[in-house]
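Visitor: Pasting a structure below so you can have a look.
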Amino acid sequence: MIPTIQINNLNQMQGPTDEVERHFLFVGQATKNNGKLLSLNTQSKLDELLGVEDSPLKANLLAAMQNAGQNWSAHAHVLALGEEWTEAVLAAQRTASFEAVVLLEPVTTAEQINAAQALRNQLIATWGRWQFMMLAVNGIVADGVDAQDWPAYEATMATLANGIAADGVMLVPQLHGNNAGVLAGRLCNRAVSVADTPMRVKTGALVALGPDPVDSTGAELSLATLQTLEAARLSVPWWFPDYDGVYWADGNMLDVEGGDYQVVENRRVTDKIARKLRIRAISRIGDRQLNSTPASVAAAKLFFMRDLRAMSKSVTIAGMTFPGEIMPPDDGDIAIEWLSKYEVAIYTLAQPYDCPKKIGINIILDLSNPGDSQ
(Lines give C-alpha, C1' and ligand atoms only; values in the text may rest on other atoms or scores of the structure.)
Protein backbone atom coordinates (compact mmCIF):
# COMPACT_ATOMS: atom_id res chain seq x y z
CA MET A 1 0.00 0.00 0.00
CA ILE A 2 1.32 3.41 -0.93
CA PRO A 3 1.08 6.36 1.48
CA THR A 4 -2.09 8.35 0.67
CA ILE A 5 -3.44 11.63 1.94
CA GLN A 6 -6.83 12.92 0.82
CA ILE A 7 -8.24 16.27 1.86
CA ASN A 8 -11.89 17.13 1.22
CA ASN A 9 -13.45 20.58 1.57
CA LEU A 10 -16.91 19.97 2.99
CA ASN A 11 -19.65 22.49 2.21
CA GLN A 12 -21.84 22.98 5.26
CA MET A 13 -24.25 25.45 3.56
CA GLN A 14 -23.50 28.28 5.98
CA GLY A 15 -23.43 31.10 3.45
CA PRO A 16 -26.12 33.65 2.58
CA THR A 17 -28.80 33.23 -0.09
CA ASP A 18 -29.85 35.85 -2.62
CA GLU A 19 -32.53 38.29 -1.45
CA VAL A 20 -35.69 38.09 -3.52
CA GLU A 21 -37.70 40.32 -1.22
CA ARG A 22 -38.56 43.87 -2.38
CA HIS A 23 -37.83 43.05 -6.03
CA PHE A 24 -41.10 43.24 -7.97
CA LEU A 25 -42.06 42.53 -11.57
CA PHE A 26 -44.29 45.21 -13.14
CA VAL A 27 -46.36 44.25 -16.18
CA GLY A 28 -48.19 46.74 -18.38
CA GLN A 29 -48.30 48.66 -21.63
CA ALA A 30 -46.09 51.49 -22.85
CA THR A 31 -45.13 53.02 -26.20
CA LYS A 32 -41.58 51.71 -26.32
CA ASN A 33 -39.74 48.38 -25.92
CA ASN A 34 -42.91 46.35 -26.41
CA GLY A 35 -42.49 42.67 -25.64
CA LYS A 36 -39.26 43.25 -23.70
CA LEU A 37 -38.24 42.69 -20.08
CA LEU A 38 -36.43 45.73 -18.68
CA SER A 39 -34.11 45.94 -15.66
CA LEU A 40 -34.72 49.05 -13.56
CA ASN A 41 -33.27 50.88 -10.58
CA THR A 42 -33.26 54.42 -9.23
CA GLN A 43 -30.90 55.53 -12.04
CA SER A 44 -33.20 54.35 -14.84
CA LYS A 45 -34.61 56.97 -17.21
CA LEU A 46 -38.19 55.93 -17.74
CA ASP A 47 -38.81 58.31 -20.65
CA GLU A 48 -36.02 56.65 -22.62
CA LEU A 49 -37.11 53.11 -21.74
CA LEU A 50 -40.90 53.45 -21.94
CA GLY A 51 -41.42 56.47 -24.19
CA VAL A 52 -42.16 60.09 -23.39
CA GLU A 53 -45.90 59.51 -23.71
CA ASP A 54 -47.91 58.93 -20.53
CA SER A 55 -48.76 55.32 -19.75
CA PRO A 56 -50.00 53.47 -16.64
CA LEU A 57 -46.81 51.41 -16.58
CA LYS A 58 -44.55 54.45 -16.52
CA ALA A 59 -46.68 56.38 -14.03
CA ASN A 60 -46.83 53.48 -11.58
CA LEU A 61 -43.14 52.65 -11.91
CA LEU A 62 -42.27 56.26 -11.10
CA ALA A 63 -44.57 56.15 -8.06
CA ALA A 64 -42.98 52.88 -6.93
CA MET A 65 -39.50 54.34 -7.24
CA GLN A 66 -40.42 57.47 -5.30
CA ASN A 67 -42.11 55.59 -2.45
CA ALA A 68 -39.47 52.86 -2.18
CA GLY A 69 -36.56 55.27 -1.85
CA GLN A 70 -32.95 54.11 -1.67
CA ASN A 71 -31.70 50.96 -3.39
CA TRP A 72 -34.97 50.26 -5.21
CA SER A 73 -34.78 47.86 -8.12
CA ALA A 74 -37.37 46.10 -10.24
CA HIS A 75 -38.09 44.53 -13.59
CA ALA A 76 -40.78 45.67 -15.99
CA HIS A 77 -42.26 43.72 -18.87
CA VAL A 78 -43.80 45.89 -21.57
CA LEU A 79 -46.67 43.95 -23.07
CA ALA A 80 -46.71 43.52 -26.82
CA LEU A 81 -49.99 43.81 -28.71
CA GLY A 82 -52.14 40.80 -27.83
CA GLU A 83 -49.59 39.33 -25.40
CA GLU A 84 -51.02 37.51 -22.38
CA TRP A 85 -49.69 38.89 -19.11
CA THR A 86 -49.47 35.42 -17.57
CA GLU A 87 -47.20 34.25 -20.39
CA ALA A 88 -45.05 37.36 -19.89
CA VAL A 89 -44.65 36.54 -16.18
CA LEU A 90 -43.69 32.96 -16.94
CA ALA A 91 -41.12 34.08 -19.50
CA ALA A 92 -39.62 36.59 -17.04
CA GLN A 93 -38.83 33.76 -14.61
CA ARG A 94 -35.98 32.69 -16.89
CA THR A 95 -34.24 36.02 -16.26
CA ALA A 96 -34.88 36.84 -12.60
CA SER A 97 -36.80 35.97 -9.45
CA PHE A 98 -39.36 38.28 -7.88
CA GLU A 99 -41.23 38.69 -4.62
CA ALA A 100 -44.37 39.97 -6.32
CA VAL A 101 -45.98 40.64 -9.69
CA VAL A 102 -47.74 43.98 -10.22
CA LEU A 103 -50.23 43.87 -13.09
CA LEU A 104 -51.12 47.37 -14.29
CA GLU A 105 -53.67 46.33 -16.90
CA PRO A 106 -56.87 46.55 -14.79
CA VAL A 107 -58.69 43.29 -14.17
CA THR A 108 -62.46 43.36 -14.51
CA THR A 109 -63.62 39.77 -13.99
CA ALA A 110 -63.41 37.01 -11.39
CA GLU A 111 -61.84 34.78 -14.04
CA GLN A 112 -58.85 37.12 -14.33
CA ILE A 113 -58.40 37.19 -10.54
CA ASN A 114 -58.58 33.41 -10.28
CA ALA A 115 -56.07 33.18 -13.15
CA ALA A 116 -53.63 35.22 -11.04
CA GLN A 117 -53.99 32.78 -8.13
CA ALA A 118 -53.50 29.88 -10.54
CA LEU A 119 -50.35 31.56 -11.84
CA ARG A 120 -48.98 31.88 -8.30
CA ASN A 121 -49.59 28.17 -7.75
CA GLN A 122 -47.91 27.35 -11.06
CA LEU A 123 -44.82 29.38 -10.13
CA ILE A 124 -44.53 27.46 -6.86
CA ALA A 125 -45.01 24.10 -8.54
CA THR A 126 -42.68 24.75 -11.48
CA TRP A 127 -39.87 26.82 -10.01
CA GLY A 128 -40.40 26.75 -6.24
CA ARG A 129 -40.94 30.51 -6.34
CA TRP A 130 -43.41 32.15 -3.99
CA GLN A 131 -44.72 35.37 -5.57
CA PHE A 132 -47.88 37.22 -4.57
CA MET A 133 -49.96 39.08 -7.15
CA MET A 134 -50.91 42.77 -6.99
CA LEU A 135 -53.69 43.39 -9.51
CA ALA A 136 -54.79 46.88 -10.48
CA VAL A 137 -58.52 47.47 -10.88
CA ASN A 138 -60.14 50.46 -12.53
CA GLY A 139 -60.62 53.72 -10.73
CA ILE A 140 -63.89 55.59 -11.03
CA VAL A 141 -65.07 56.92 -14.41
CA ALA A 142 -66.20 60.51 -13.88
CA ASP A 143 -67.55 61.36 -17.34
CA GLY A 144 -68.71 59.82 -20.59
CA VAL A 145 -71.27 57.12 -21.24
CA ASP A 146 -69.78 54.91 -18.50
CA ALA A 147 -69.71 57.66 -15.85
CA GLN A 148 -70.31 56.50 -12.26
CA ASP A 149 -71.12 58.05 -8.94
CA TRP A 150 -69.48 56.70 -5.80
CA PRO A 151 -72.35 54.34 -4.79
CA ALA A 152 -72.28 52.72 -8.24
CA TYR A 153 -68.51 52.38 -8.12
CA GLU A 154 -68.61 50.82 -4.65
CA ALA A 155 -71.16 48.26 -5.83
CA THR A 156 -69.03 47.35 -8.86
CA MET A 157 -65.90 46.83 -6.77
CA ALA A 158 -67.70 44.81 -4.10
CA THR A 159 -69.18 42.54 -6.77
CA LEU A 160 -65.76 42.02 -8.37
CA ALA A 161 -64.14 40.67 -5.20
CA ASN A 162 -67.17 38.87 -3.81
CA GLY A 163 -66.83 35.12 -3.29
CA ILE A 164 -63.21 34.84 -4.45
CA ALA A 165 -60.72 32.81 -2.40
CA ALA A 166 -57.20 33.77 -3.50
CA ASP A 167 -54.72 34.05 -0.63
CA GLY A 168 -51.91 35.13 -2.95
CA VAL A 169 -53.77 37.97 -4.68
CA MET A 170 -54.51 41.56 -3.71
CA LEU A 171 -56.68 44.09 -5.58
CA VAL A 172 -55.66 47.75 -5.74
CA PRO A 173 -58.16 50.27 -7.18
CA GLN A 174 -56.41 52.89 -9.29
CA LEU A 175 -58.40 55.68 -7.64
CA HIS A 176 -55.60 58.21 -8.13
CA GLY A 177 -54.20 56.62 -11.27
CA ASN A 178 -51.02 55.23 -9.65
CA ASN A 179 -52.19 53.56 -6.43
CA ALA A 180 -50.69 50.16 -7.32
CA GLY A 181 -47.28 51.74 -7.90
CA VAL A 182 -47.49 53.74 -4.68
CA LEU A 183 -48.34 50.65 -2.64
CA ALA A 184 -45.67 48.55 -4.37
CA GLY A 185 -43.06 51.16 -3.54
CA ARG A 186 -44.23 51.40 0.05
CA LEU A 187 -43.86 47.64 0.42
CA CYS A 188 -40.33 47.82 -1.02
CA ASN A 189 -39.11 50.61 1.26
CA ARG A 190 -36.04 49.33 3.12
CA ALA A 191 -36.72 51.53 6.14
CA VAL A 192 -39.03 48.74 7.31
CA SER A 193 -39.14 44.96 6.99
CA VAL A 194 -41.39 42.63 5.00
CA ALA A 195 -43.25 42.01 8.27
CA ASP A 196 -44.47 45.61 8.49
CA THR A 197 -47.96 46.57 7.40
CA PRO A 198 -48.35 49.31 4.76
CA MET A 199 -50.70 50.91 7.31
CA ARG A 200 -47.65 51.97 9.35
CA VAL A 201 -47.92 55.75 9.81
CA LYS A 202 -44.36 56.07 11.15
CA THR A 203 -43.11 55.08 7.69
CA GLY A 204 -44.31 58.46 6.48
CA ALA A 205 -47.02 59.70 4.15
CA LEU A 206 -47.50 58.44 0.60
CA VAL A 207 -45.35 60.17 -1.99
CA ALA A 208 -46.53 61.41 -5.40
CA LEU A 209 -50.06 60.01 -5.15
CA GLY A 210 -52.04 61.06 -8.22
CA PRO A 211 -54.79 63.71 -8.37
CA ASP A 212 -57.80 63.35 -6.07
CA PRO A 213 -60.65 61.56 -7.88
CA VAL A 214 -64.22 62.80 -8.23
CA ASP A 215 -67.33 60.97 -9.39
CA SER A 216 -69.85 61.89 -12.10
CA THR A 217 -71.53 64.38 -9.78
CA GLY A 218 -68.27 66.09 -8.86
CA ALA A 219 -68.22 64.57 -5.35
CA GLU A 220 -64.75 63.93 -3.96
CA LEU A 221 -63.48 60.61 -2.64
CA SER A 222 -64.48 60.17 1.00
CA LEU A 223 -63.33 58.03 3.89
CA ALA A 224 -66.76 56.41 3.85
CA THR A 225 -66.17 55.12 0.32
CA LEU A 226 -62.68 53.92 1.24
CA GLN A 227 -64.14 52.11 4.24
CA THR A 228 -66.63 50.32 1.98
CA LEU A 229 -63.92 49.33 -0.48
CA GLU A 230 -61.66 48.11 2.32
CA ALA A 231 -64.48 46.01 3.76
CA ALA A 232 -64.79 44.42 0.30
CA ARG A 233 -61.11 43.34 0.68
CA LEU A 234 -59.61 45.93 -1.65
CA SER A 235 -56.39 47.73 -0.68
CA VAL A 236 -56.92 51.48 -0.47
CA PRO A 237 -55.25 54.64 0.86
CA TRP A 238 -56.39 56.32 4.06
CA TRP A 239 -56.06 59.63 5.83
CA PHE A 240 -56.81 61.01 9.29
CA PRO A 241 -58.69 64.28 9.85
CA ASP A 242 -56.45 66.97 11.35
CA TYR A 243 -53.35 64.84 10.66
CA ASP A 244 -51.31 65.86 7.64
CA GLY A 245 -50.63 63.44 4.82
CA VAL A 246 -52.29 60.51 3.08
CA TYR A 247 -51.38 57.01 4.27
CA TRP A 248 -52.58 53.47 3.60
CA ALA A 249 -55.11 51.10 5.10
CA ASP A 250 -54.49 47.35 5.28
CA GLY A 251 -52.78 45.47 2.47
CA ASN A 252 -55.69 43.08 1.99
CA MET A 253 -55.30 39.67 0.38
CA LEU A 254 -58.30 37.75 -0.97
CA ASP A 255 -57.98 34.99 1.60
CA VAL A 256 -61.12 33.41 3.05
CA GLU A 257 -62.80 34.73 6.17
CA GLY A 258 -60.75 33.56 9.15
CA GLY A 259 -57.72 32.68 7.01
CA ASP A 260 -54.12 33.32 8.09
CA TYR A 261 -53.27 35.31 4.98
CA GLN A 262 -55.83 38.10 4.94
CA VAL A 263 -53.08 40.75 5.08
CA VAL A 264 -49.98 41.11 2.93
CA GLU A 265 -47.41 41.13 5.74
CA ASN A 266 -48.39 37.60 6.80
CA ARG A 267 -48.13 36.44 3.18
CA ARG A 268 -44.70 38.05 2.75
CA VAL A 269 -43.21 36.58 5.94
CA THR A 270 -44.28 33.00 5.23
CA ASP A 271 -43.23 33.27 1.59
CA LYS A 272 -39.78 34.41 2.72
CA ILE A 273 -39.51 31.47 5.13
CA ALA A 274 -40.57 29.10 2.35
CA ARG A 275 -37.81 30.39 0.05
CA LYS A 276 -35.17 30.08 2.76
CA LEU A 277 -36.11 26.59 3.96
CA ARG A 278 -36.47 25.25 0.43
CA ILE A 279 -32.76 25.95 -0.19
CA ARG A 280 -31.83 24.26 3.09
CA ALA A 281 -33.99 21.22 2.30
CA ILE A 282 -32.42 20.82 -1.15
CA SER A 283 -28.94 20.76 0.38
CA ARG A 284 -29.91 17.81 2.59
CA ILE A 285 -31.30 15.55 -0.17
CA GLY A 286 -29.46 12.21 -0.03
CA ASP A 287 -27.31 13.34 2.90
CA ARG A 288 -27.05 10.59 5.54
CA GLN A 289 -25.99 13.22 8.03
CA LEU A 290 -29.76 13.82 8.31
CA ASN A 291 -31.08 10.62 9.83
CA SER A 292 -33.45 9.46 12.56
CA THR A 293 -30.90 9.26 15.38
CA PRO A 294 -31.49 11.68 18.26
CA ALA A 295 -28.17 13.47 17.63
CA SER A 296 -28.97 13.96 13.93
CA VAL A 297 -32.50 15.19 14.61
CA ALA A 298 -31.16 17.72 17.14
CA ALA A 299 -28.53 18.94 14.65
CA ALA A 300 -31.14 19.18 11.88
CA LYS A 301 -33.39 21.31 14.06
CA LEU A 302 -30.54 23.78 14.56
CA PHE A 303 -29.79 23.74 10.82
CA PHE A 304 -33.37 24.47 9.74
CA MET A 305 -33.88 27.00 12.52
CA ARG A 306 -30.94 29.13 11.41
CA ASP A 307 -32.99 31.30 9.04
CA LEU A 308 -35.76 31.75 11.61
CA ARG A 309 -33.21 33.01 14.11
CA ALA A 310 -31.80 35.44 11.54
CA MET A 311 -35.29 36.75 10.73
CA SER A 312 -36.03 37.20 14.44
CA LYS A 313 -33.03 39.36 15.31
CA SER A 314 -34.00 42.59 17.06
CA VAL A 315 -31.89 45.69 17.68
CA THR A 316 -32.13 47.86 20.79
CA ILE A 317 -30.65 51.35 20.80
CA ALA A 318 -31.23 54.19 23.25
CA GLY A 319 -33.87 52.11 24.98
CA MET A 320 -35.88 51.58 21.78
CA THR A 321 -36.26 48.08 20.36
CA PHE A 322 -36.62 47.51 16.64
CA PRO A 323 -38.17 44.03 16.41
CA GLY A 324 -37.24 41.39 13.89
CA GLU A 325 -39.58 39.97 11.28
CA ILE A 326 -40.82 37.20 13.60
CA MET A 327 -40.62 36.36 17.29
CA PRO A 328 -37.44 34.50 18.35
CA PRO A 329 -38.09 30.79 17.78
CA ASP A 330 -38.21 28.34 20.68
CA ASP A 331 -36.64 24.90 20.64
CA GLY A 332 -40.01 23.31 19.94
CA ASP A 333 -40.78 25.51 16.92
CA ILE A 334 -39.18 22.95 14.57
CA ALA A 335 -40.43 19.37 14.59
CA ILE A 336 -38.96 16.55 12.50
CA GLU A 337 -40.88 13.35 11.80
CA TRP A 338 -39.62 10.39 9.80
CA LEU A 339 -42.50 9.06 7.68
CA SER A 340 -40.46 6.18 6.28
CA LYS A 341 -36.83 5.18 5.88
CA TYR A 342 -36.48 7.60 2.97
CA GLU A 343 -39.00 10.38 3.68
CA VAL A 344 -38.91 13.04 6.38
CA ALA A 345 -41.46 15.76 7.25
CA ILE A 346 -40.33 19.02 8.85
CA TYR A 347 -42.81 21.32 10.59
CA THR A 348 -41.92 24.95 11.26
CA LEU A 349 -43.71 27.46 13.49
CA ALA A 350 -43.22 31.19 12.89
CA GLN A 351 -44.92 33.76 15.11
CA PRO A 352 -45.31 37.37 13.98
CA TYR A 353 -45.20 40.23 16.47
CA ASP A 354 -48.38 41.90 17.65
CA CYS A 355 -49.16 45.09 15.74
CA PRO A 356 -51.68 47.82 16.73
CA LYS A 357 -54.07 48.49 13.86
CA LYS A 358 -56.84 49.66 16.16
CA ILE A 359 -56.02 51.76 19.22
CA GLY A 360 -58.56 52.57 21.90
CA ILE A 361 -57.82 55.28 24.43
CA ASN A 362 -59.85 55.43 27.65
CA ILE A 363 -59.81 58.69 29.60
CA ILE A 364 -60.59 58.79 33.31
CA LEU A 365 -61.40 62.06 35.02
CA ASP A 366 -60.13 62.55 38.57
CA LEU A 367 -62.35 65.00 40.46
CA SER A 368 -61.06 64.22 43.93
CA ASN A 369 -60.26 67.14 46.20
CA PRO A 370 -56.55 67.27 47.11
CA GLY A 371 -57.57 68.42 50.57
CA ASP A 372 -59.49 65.22 51.22
CA SER A 373 -56.24 63.30 51.70
CA GLN A 374 -55.01 65.60 54.47
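Visitor: Got a sec? Which of Ala136, Ala205, Ala142, Ala155 is over 22 Å from Tyr261 (Cα atoms), in contact (Cβ under 8 Å) with a residue 12 or more places away in the chain and out of contact with any Phe, Trp or Tyr (no Cβ under 9 Å at 6 or more places or on another chain)?
Guide: One residue alone meets the criteria, Ala142.
Visitor: Still on this structure: Taking Phe24 as meeting all but one of (1) in contact with a Cys (Cβ under 7 Å, 6 or more places away or on another chain); (2) of a type outside the set (Ser, Thr, Tyr); (3) free of Cβ contacts under 8 Å to residues at least 24 places away in the same chain, write down the number of the exception.
Guide: (3)
Visitor: Next up: Among (1) part of a loop (DSSP other than H, G, I, E, B); (2) touching a Ser or Thr at 6+ places or on another chain (Cβ under 9 Å), which single condition is Thr321 missing?
Guide: Among (1) part of a loop (DSSP other than H, G, I, E, B); (2) touching a Ser or Thr at 6+ places or on another chain (Cβ under 9 Å), Thr321 violates only (1).
Visitor: For the subset of the stretch 228-254 comprising residues that are of a type in the set (A, V, I, L, M, F, W, C), part of a strand (DSSP E or B) and within 17 Å of the chain's Cα centre (by Cα), which member is surrounded by the fewest Cβ atoms within 10 Å (Cβ to Cβ)?
Guide: Across the stretch 228-254, the extreme among qualifying residues is Trp248.
Visitor: Sticking with this one: Mind checking which residues of the stretch 207-227 are of a type in the set (S, T, N, Q), surrounded by fewer than 19 Cβ atoms within 10 Å (Cβ to Cβ) and in a helix (DSSP H, G or I)?
Guide: Of everything in the stretch 207-227, just one residue is of a type in the set (S, T, N, Q), surrounded by fewer than 19 Cβ atoms within 10 Å (Cβ to Cβ) and in a helix (DSSP H, G or I), namely Gln227.
Visitor: Oh, and also: Which pairs do you get when a residue that is among the hydrophobic types (A, V, I, L, M, F, W, C), found in the stretch 80-105, comes within reach of a residue that is part of a loop (DSSP other than H, G, I, E, B), reach meaning Cβ atoms under 6 angstrom, with the pair 6+ apart or on two chains?
Guide: Ala80/Asn34; Ala80/Gly35; Phe98/His23; Phe98/Gln131; Ala100/Gln131; Val101/Gln131
Visitor: Pick out the one residue from Leu135, Leu104, Leu119 that is in contact with a Pro (Cβ under 6 Å, 6 or more places away or on another chain) and either within 21 Å of Asn252 (Cβ to Cβ) or among the charged types (D, E, K, R) (or both).
Guide: Leu104
Visitor: Suppose the filter is in the same structural domain as Leu135 (by TED's automatic domain parsing), among the small types (Gly, Ala, Ser), out of contact with any His (no Cβ under 7 Å at 6 or more places or on another chain) and modelled with pLDDT of 95 or more; does Gly168 pass it?
Guide: yes
Visitor: Out of all the residues in the stretch 80-91, is one or more surrounded by 17 or more Cβ atoms within 10 Å (Cβ to Cβ) and either of a type in the set (D, E, K, R) or assigned to a strand (DSSP E or B) (or both)?
Guide: Taking every residue of the stretch 80-91 in turn, none turns out to be surrounded by 17 or more Cβ atoms within 10 Å (Cβ to Cβ) and either of a type in the set (D, E, K, R) or assigned to a strand (DSSP E or B) (or both).
Visitor: If you go through the stretch 183-192 one residue at a time, how many are within 19 Å of Met253 (Cβ to Cβ) and either more than 13 Å from the chain's Cα centre (by Cα) or not in a helix (DSSP H, G or I) (or both)?
Guide: 1
Visitor: With Met320, Met305 as the choices, which residue is crowded, with 18+ Cβ neighbours inside 10 Å and either over 30 Å from Val192 (Cβ atoms) or not assigned by TED's automatic domain parsing to the domain that holds Leu187 (or both)?
Guide: Met305
Visitor: Quickly run through the stretch 181-193 and pick out the residues that are of a type in the set (A, V, I, L, M) and crowded, with 21+ Cβ neighbours inside 10 Å.
Guide: Val182, Leu183, Ala184, Leu187
Visitor: For the stretch 194-206, give me the residue count where each residue is at pLDDT 95 or above and surrounded by 17 or more Cβ atoms within 10 Å (Cβ to Cβ).
Guide: 8
Visitor: Okay, moving on. Which of the following residues is surrounded by fewer than 16 Cβ atoms within 10 Å (Cβ to Cβ) and closer than 30 Å to Met199 by Cβ: Gln6, Gln70, Gln12?
Guide: Testing whether each residue is surrounded by fewer than 16 Cβ atoms within 10 Å (Cβ to Cβ) and closer than 30 Å to Met199 by Cβ leaves just Gln70.
The values are calculated or read from the model by the stated rules, or taken from the named source; none is laboratory data. Just so it is clear, the structure is predicted and the values come from calculations on it, not from any experiment. Cβ sites come from the backbone with ideal geometry, for glycine too, and all protein chains shown count toward neighbours.
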